[in-house]
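A.B. asks: Below is a structure I'd like to ask you about.
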Protein chains: 2
Amino acid sequence: MAAQEFDLIGIGNAIVDVIARADDDFLAREKIAKGGMSLIDEARTLSLYEAMGPGTIVSGGSAANTIVGAATLGVKAAFIGKVKTDEVGHAFTHDLRATGVHFSTPAAHNGPSTARCMILVTPDGERTMNTYLGACQNLSEADVDAALISASKVTYLEGYLWDPPAAKKAFVKAADIAHNANRVVALTLSDAFCVGRYRDEFLDLIRKKTVDIVFANEHELKALYETSDFEAAADALRNENILGVVTRSAEGSMVITREETLAVPAFPIAKLVDTTGAGDLFAAGFLAGLTRDKDYHTCARLGALAAAEVIQHYGARPEADLLAMARENGLL
Amino acid sequence: MAAQEFDLIGIGNAIVDVIARADDDFLAREKIAKGGMSLIDEARTLSLYEAMGPGTIVSGGSAANTIVGAATLGVKAAFIGKVKTDEVGHAFTHDLRATGVHFSTPAAHNGPSTARCMILVTPDGERTMNTYLGACQNLSEADVDAALISASKVTYLEGYLWDPPAAKKAFVKAADIAHNANRVVALTLSDAFCVGRYRDEFLDLIRKKTVDIVFANEHELKALYETSDFEAAADALRNENILGVVTRSAEGSMVITREETLAVPAFPIAKLVDTTGAGDLFAAGFLAGLTRDKDYHTCARLGALAAAEVIQHYGARPEADLLAMARENGLL
């Protein structure tokens, strides 16, 4: 299967985003908690779509966004995730492959449709996500291609995989395969509510060294350690003896290890349009640097660069030539 | 059917756009003439999709873009066009209705899929369109809802309707119904190549007063009169004794009647991203003004405002609140 080597492989929910502008009143009327990710069923997906404004359809999925971002930065990347053989699934597959990403997970011929995330973007640029997991619920251990994982320097896993039950097993299997091949495993905590659902299990992944790197934003980090004090949460992360990468929106990011704590500024932006994918693209830049043995400061700057690009337009996939931008900034 | 009155009804090809960035080399390699609209068959659609980069899917269609733009400006609008009952057709329908547009043309249950336009946007912001007409080929006279047309102040028709054979008849029928109800009929010439295909018929529509208003960009106008001299083409249009509205990109627009010629400047933009929909949205703004009895200068400024918004992002549907922008600029 994988005679070739990969820098990075991501495993995540294969989701297509339907992005619409909405005001705060709409969120209130529809009883949707602003800023988070809610899981919705098919009936709710249809009724929400009916109620919301015109949509822009762009491939998404947290880990998939990261993989595409990294590939755009020149990283040799692969993805594992489950779509159905429907129009939307076809678009998701196309968009990955068109970016040069290796994607060979068999699509489901039956069962629920390809996953969709209805993303409502408010005028302040904040995104609120409503996810129908659809075909993602059928991602299983059988989809974890051992040869592919073993051939990848870094395996990147999204915390959201804890939502579809079978995917959790696929996650753990992938981490085991990676470690058996002396590879690095990274985890993104995905979402503060997701951390709320699976806190103990995520702490277990960190403490049992199932993962070597953890990505989180400050809300997720505070949720993980059940504190409202960022410094306390950062200290707790420092004591895990892991590579921690924490994003703080406009305040930049922090790279936290037991030995050092680096604060790295964000890139300036002209106009915030849609925060969707900010964390995903930060991870993309950081991992692109890491797989090229850049120092942590450069990795975090690459993350900031990629995040700055993606929040200045709708959709969580890069629109600009990130590689050229990284080179112009002397980062790659 | 139409107990209510409409300001504007559009009849056009119901198309969903798949937008990808591409460089000039890609166009050359794929033998695609830059800047125009080429009709492609299903096999070519699939092979082009295979070859092109990741896509953003947004509802499109020239007249449909105009109708949505006008509705966004507060115009009571309706649309007639043919989709299939597939995922993409469902999205097209949703996006119209979510903008408040009345859309009741029955979708096809069989036959070709909903039309798609593969739009390649080069780094200079120019768009090159490759259209698979699909279900649009089945738009027929039967779809022309006479009550709806009679109840609309302006019937807006796209020249592209001359491509699918049955739609041409629907076009002529709609114009007849509108005129019998003492309504106004507007035509957009759509595309210089389209004018090349149907020059004599378009001139006939103008000279036989099948249409009262004609929208064109300078390329289309030159193609119509087979001249490379813009002034000569403008003179020819002036002699048609019709309301002519000619867009000239950054140079603004001209409103041409036998009595007067108005030159109206474009709106300044921060950055040109994608010219797709510039003409469609210009027509939207102009018609929004016209249906509210604004003077031609204000109509053209409204057109310029709407066009300026749409060329600063990917996709031919407005992303900003055009009505608020028009009010801020004292145009509505």
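Bear in mind these aren't lab numbers, they're just calculated from the coordinates by the rules spelled out. Just so it is clear, the model here is predicted, and its values are computed rather than measured. Heads up, the Cβs are rebuilt from the backbone with ideal geometry, glycines too, and the neighbour counts pull from every protein chain shown.
A.B. asks: Looking at segment B:130-145 only, could you name the residues that are aliphatic (A, V, I, L, M) and crowded, with 22+ Cβ neighbours inside 10 Å? Full working, then the answer.
C.D. replies: The initial filter retains those residues of segment B:130-145 that are aliphatic (A, V, I, L, M), namely B:133, B:135, B:139, B:142, B:144.
B:133, B:135, B:139, B:144, listed by residue number.
A.B. asks: A follow-up question, please. What's the number of the condition residue A:234 fails, among (1) part of a helix (DSSP H, G or I); (2) within 14 Å of another protein chain (Cβ to nearest Cβ); (3) in contact (Cβ under 8 Å) with a residue 12 or more places away in the chain; (4) more than 20 Å from the chain's Cα centre (by Cα)?
C.D. replies: Against the list (1) part of a helix (DSSP H, G or I); (2) within 14 Å of another protein chain (Cβ to nearest Cβ); (3) in contact (Cβ under 8 Å) with a residue 12 or more places away in the chain; (4) more than 20 Å from the chain's Cα centre (by Cα), residue A:234 comes up short only on (2).
A.B. asks: Considering each of A:69, A:111, A:74 in turn, give the residue that is farther than 29 Å from residue B:84 by Cα and surrounded by fewer than 23 Cβ atoms within 10 Å (Cβ to Cβ).
C.D. replies: Residue meeting the stated conditions: A:74.
A.B. asks: Any idea which of (1) within 22 Å of residue A:117 (Cα to Cα); (2) part of a loop (DSSP other than H, G, I, E, B); (3) more than 13 Å from every other protein chain (Cβ to nearest Cβ) is the one residue A:330 doesn't satisfy?
C.D. replies: For residue A:330, the failing item is (1).
A.B. asks: Let me ask you something else. Give segment B:125-142 a look and list any residue that's assigned to a loop (DSSP other than H, G, I, E, B) and either within 14 Å of chain A (Cβ to nearest Cβ) or of a type in the set (Lys, Arg) (or both), or say none.
C.D. replies: Listed by number, the list holds a single entry, B:125.
A.B. asks: Output the residues belonging to segment A:201-231 that are outside any helix (DSSP H, G or I), free of Cβ contacts under 8 Å to residues at least 12 places away in the same chain and more than 20 Å from residue A:154 (Cβ to Cβ).
C.D. replies: Selection gives A:227, A:228, A:229.
A.B. asks: Do we have residue B:85 as within 21 Å of residue B:162 (Cβ to Cβ), polar (S, T, N, Q) and more than 12 Å from the chain's Cα centre (by Cα) here?
C.D. replies: no
A.B. asks: Additional query: Identify the residue in segment B:284-324 that is closer than 11 Å to residue B:72 by Cα and in a helix (DSSP H, G or I) and, among all such residues, is farthest from the chain's Cα centre (by Cα).
C.D. replies: Within segment B:284-324, the match that is farthest from the chain's Cα centre (by Cα) is B:324.
A.B. asks: A further question follows. Given the residues A:95, A:145, which is the only one that is within 14 Å of chain B (Cβ to nearest Cβ), closer than 22 Å to residue A:5 by Cα and of a type in the set (Asp, Glu)?
C.D. replies: The conditions single out A:95.
A.B. asks: Taking the condition facing chain A (nearest Cβ under 10 Å), in contact with a Phe, Trp or Tyr (Cβ under 9 Å, 6 or more places away or on another chain) and hydrophobic (A, V, I, L, M, F, W, C), does residue B:75 pass?
C.D. replies: Working: facing chain A (nearest Cβ under 10 Å): no; in contact with a Phe, Trp or Tyr (Cβ under 9 Å, 6 or more places away or on another chain): yes; hydrophobic (A, V, I, L, M, F, W, C): yes.
Here the answer is no, as residue B:75 does not meet what is asked.
A.B. asks: Among the residues of segment B:154-200, what is the count of those that are over 16 Å from the mean Cα position of the chain (by Cα) and not in a strand (DSSP E or B)?
C.D. replies: The initial filter retains those residues of segment B:154-200 that are over 16 Å from the mean Cα position of the chain (by Cα), namely B:165-166, B:169-170, B:172-184, B:196-200.
Subset that is not in a strand (DSSP E or B): B:165-166, B:169-170, B:172-183, B:196-200.
Summing the residues that are over 16 Å from the mean Cα position of the chain (by Cα) and not in a strand (DSSP E or B) in segment B:154-200 gives 21.
A.B. asks: Ok, one more. Could you check how many residues of segment A:84-118 are closer than 16 Å to residue A:45 by Cβ and either aliphatic (A, V, I, L, M) or assigned to a loop (DSSP other than H, G, I, E, B) (or both)?
C.D. replies: Residues meeting the conditions: 8.
A.B. asks: What's the number of the only condition in (1) outside any loop (DSSP other than H, G, I, E, B); (2) closer than 20 Å to residue A:163 by Cβ that residue A:71 fails to meet?
C.D. replies: (2)
A.B. asks: Assess whether residue B:233 counts as being crowded, with 16+ Cβ neighbours inside 10 Å and more than 22 Å from residue B:290 (Cβ to Cβ).
C.D. replies: Criteria met by residue B:233.
A.B. asks: Still on this structure: For segment A:1-62, list the strands (runs of 3 or more DSSP E) that sit wholly inside it and hold at least 1 residues that are in contact (Cβ under 8 Å) with a residue 40 or more places away in the chain and either within 15 Å of residue A:134 (Cα to Cα) or within 14 Å of chain B (Cβ to nearest Cβ) (or both); which are they?
C.D. replies: It comes to A:15-21, A:37-39, A:56-59.
A.B. asks: Do the conditions hold for residue B:270, that is, is it small (Gly, Ala, Ser), in contact (Cβ under 8 Å) with a residue 40 or more places away in the chain, surrounded by fewer than 21 Cβ atoms within 10 Å (Cβ to Cβ) and out of contact with any strand residue (DSSP E or B) (no Cβ under 9 Å at 6 or more places or on another chain)?
C.D. replies: Details: small (Gly, Ala, Ser): yes; in contact (Cβ under 8 Å) with a residue 40 or more places away in the chain: yes; surrounded by fewer than 21 Cβ atoms within 10 Å (Cβ to Cβ): yes; out of contact with any strand residue (DSSP E or B) (no Cβ under 9 Å at 6 or more places or on another chain): yes.
The answer is yes for residue B:270.
A.B. asks: While we're here: Output the residues belonging to segment A:1-28 that are charged (D, E, K, R) and under 22 Å from residue B:319 (Cα atoms).
C.D. replies: Across segment A:1-28, the qualifying residues are A:17, A:21, A:23, A:24, A:25.
A.B. asks: Further question: Kindly indicate the residue of segment A:98-122 that is within 28 Å of residue A:6 (Cα to Cα), polar (S, T, N, Q) and touching a Gly at 6+ places or on another chain (Cβ under 7 Å) and also nearest to the other protein chains (Cβ to nearest Cβ) among those meeting that condition.
C.D. replies: Result: A:114.
A.B. asks: Follow-up. Only one of B:310, B:245 is more than 22 Å from residue B:120 (Cα to Cα), buried (at least 18 other Cβ atoms within 10 Å of the Cβ), in contact (Cβ under 8 Å) with a residue 24 or more places away in the chain and aliphatic (A, V, I, L, M); which?
C.D. replies: One residue alone meets the criteria, B:245.
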